[in-house]
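Written out below as structure tokens is the structure these notes cover.
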Amino acid sequence: MHPVSEAEAMAFAPSSASLSSASPLPFLLRSDSIASTDEIKQGHAPTASLGVNHARSLLARLRAGNKDLAASTSIASYSDSLKRGTFPDNFTFPPLLKLLADAHAFRAGVALHAHTAKMGFDADVYVRNSLIRLYFVCGEIGCAKKLFDGFPERDLVSWTTMISGFTKAGHPKDAVKVFFEMVDENLRVDGMTIVAVLSACAEIGDLELGRKLRRCVDAFHLDADVFIDNALVDMYSKCGDIDSAREVFDKMPLRNVVSWNSMIAGLANNGEFEMALVLFRQMQCDDVQPDGFTLVPVLNSCASLGALELGRWVHACLSRKGIEADGIVGNALVDMYAKCGMIGPAMEVFSSMFHRDVYTFTSMIVGLAMHGRGDESLTLFDDMLRAGVRPNEVTFIGILSACSHAGFVEIGLRHFRSITATYNLTAKIEHYGCVVDMFARAGMLDEAQEFISSMPIEPDEFIWGSLLGACKNYSEVDIGETALERIVELDPDEEGAYILMSNLYASSNRRKDGYQIRKTMRKNKVRKTPGCSLIEVDGIIHEFQKGDKLHPQAQQIYAMVDEFIHLHRTLSHEKSCHHSERLAIAFGLISTKPSTLLRIVKNLRVCKYCHIAIESISRLYNREIIVRDRYRFHHFKNGACSCNGFW
DNA sequence: GTAGGGTTAG
């Protein structure tokens, strides 16, 4: 950092001589006080100029980045010309104000606002609109609103600036209100206004208004505009109407990188991860260069699908393009590696990052907890607090599940209490669920029941499910029956609960009751979510459903599965099982080199028998196998699993 | 000759 010279600090103070003829009040470095925003909110232009210390800190801050440099250079040359006696005109201010807005240089903005007022240009419509945007960007919504309200000559641009300003400031409902005021006044609306309102609709999720705007776009034949089409794609995606988004996207005569980004992000955010990746490949075929905005939803999709190879490719692509693996992109990378079972690489990216926020830490904390590394997860939480990063609700999901997994009941309870007591966050049903799970897994079934009855929130089927699961493990038929009753009341289609209960009966020598449960399931036509496992081989994701023979290599796969049973039978007696994870593992074994690590992603929990079988497979075939199920990772190696039987 | 537009994580 260069020292700031007095001359530079004076840059904001035009000499009184050069201004005396234009203004009765000379601009001087009067004090360190700056005009308060109250002045502006009350409808007055700021009167005080910038003080020495403020100018100094501003200049230091302006040196920090490119936008800031651009702003500081321009301001410097502006004040130089003032000192030379050249006077600004109405064309001088808009570009300067824009630079200051982009650099979020609020104090300098106020100072310049004062200049415009002193020189009589603050009623110029261009100057006024620039000031409105500046105040919005700096978070001074009250000032922006005052400038707009007290401005008789406001034009289309003023209105559009208000609409987009409110949306970007996180007040999309106010944006829509402004739009309707505009409509009520029968004012002209153009494409840019529509884009701004569509963006507000997207934030609110107001599909109805979005559709009306679409009709407006069609009526005025504005739909060949790439900005409008992009805004439509984004609006439809964020409102959950992904088909309409795709329809607009497919019909676009011209697409830019933002069009692809919006569509890929829309697919990923609507859970269409495979399609997001397909579109990403298509984008490359179209020779559109991806940027950070593209790669974040692509990484999220990789994370959800366990597509590590593509994820790694994206990582390499980032480095190649010189996109820094920091901030949001870094967070997405950490999350991708953690969700693909690669805690080591996740930690490497984590350590290399400069800006670690609550998302960075949370991804890592949740990742470690899901891998059964509860103590490391808790250590990282302490690191996070020491780094001055405040946890959020999701962080506590990770912390509580880490405690649950590691059997730290006391520590877990202390963290649970701190959610509200220390951090003033809301403990949600998921947090209560973690605590129930914590008691239940530790075999403290009475405490779990007591905790459930003391909850201020109505327990849901997941809470009762945790309890039932523990009843199964500890053969507690009575409590299990109560839990099942509650679950059936809340979600009669919950197949897992019936199966747990029937297994609980079976393990308690009450097979008859078990059959009864299965009969009820058939009678009630309880749907079964089909088990589905994914495995990525050579960058291609292969999907298997329980017992399906759709894969081109089905014959070899089933032969391999039979081999498992044959080998496995020497250890225990098992009937033939074609659960999806076995098919995926069999395919992995026959299509990769010996000792290649296999990674499976499954939509449901791994059953007890498959868990035992995979332990043996890892030893017999000398393979590390990482299975991500609905809840956590199972890292199988040499006949043992990282979950230690906790799942 | 100046001002206003779209996309990103747990």
#### Entry: Calculated diffusion of the stretch A:418-487, Stokes-Einstein form, Kirkwood radius summed over Cα pairs, 4 °C and 1.567 mPa s, µm²/s
106
### Task
With just the Cα atoms of the stretch A:147-262, tell me how far they stretch along each of the three principal axes, in Å, largest first.
44, 26, 25
### Helix-only mean residue ellipticity at 222 nm for chain A, each DSSP H run of n ≥ 4 adding -39500 (n - 2.57), per residue, nearest 500
-19500 deg cm²/dmol
### Task
Would you work out what percent of the accessible area of chain A, with all protein chains in place, is carbon or sulfur (probe 1.4 Å)?
53
### Message
Suppose all protein chains stay in the model; what accessible area per residue would a 1.4 Å probe give for the stretch A:533-641, in Å²?
### Response
50
### Task
Whole number please: convex hull volume per residue, Cα atoms of the stretch A:533-641, in Å³.
89
### Query
What's the angle, to the nearest 10 degrees (0 to 90), between helix A:343-352's Cα axis and the longest principal axis of chain A?
20
### Query
In Å, the Kirkwood hydrodynamic radius of chain A over pairs of distinct alpha carbons?
29.1
### Query
Under 19 Å from a point 7 Å along the Cα-to-Cβ line of A:R390: which residues of the stretch A:145-170 have their amide N that close?
A:170
### Message
Starting from 0.36 nm per residue, how many nanometres of slack lie between A:R630 and A:N186 once their C-alpha separation is accounted for?
### Response
154.4 nm
### Query
In nm, to one decimal, how far is the modelled label at A:I612 from the one at A:D326, with both set 7 Å along Cα→Cβ?
5.3
### Task
Taking the Cα centre of the stretch A:158-277 as origin, sum charge times position over the Cβ atoms of Lys and Arg (+1) and Asp and Glu (-1), and report the length of that vector in debye to the nearest 20.
140
### Summary
Excluding residues fewer than 8 positions from A:K146 in its own chain, the lysines with Cα under 29 Å of it are A:K41, A:K67, A:K98, A:K118, A:K168, A:K173, A:K177
#### Entry: For the stretch A:428-528, accessible area per residue (1.4 Å probe, heavy atoms of protein chains only), Å²
54
### Where the stretch A:158-281 is the region considered: accessible area per residue in Å², 1.4 Å probe
48
### Task
Compute the normalised compactness of the stretch A:428-528: alpha-carbon radius of gyration over 2.2 N^0.38 Å, N being the residue count.
1.03
#### Entry: Solvent-accessible area of A:K67 with every protein chain in place, 1.4 Å probe, in Å² to the nearest 10
130
### Query
Seen from all sides and averaged, what is the projected area of the convex hull of the Cα atoms in the stretch A:467-512, in nm²?
2.8
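The values are calculated or read from the model by the stated rules, or taken from the named source; none is laboratory data. It should be emphasised that the depicted structure is a prediction, and the values quoted were computed from it without experimental measurement. Cβ sites come from the backbone with ideal geometry, for glycine too, and all protein chains shown count toward neighbours. The area values use the complete protein model at the heavy-atom level, side chains included, leaving out ligands, DNA and RNA. Shrake-Rupley method; radii C 1.70, N 1.55, O 1.52, S 1.80 Å.
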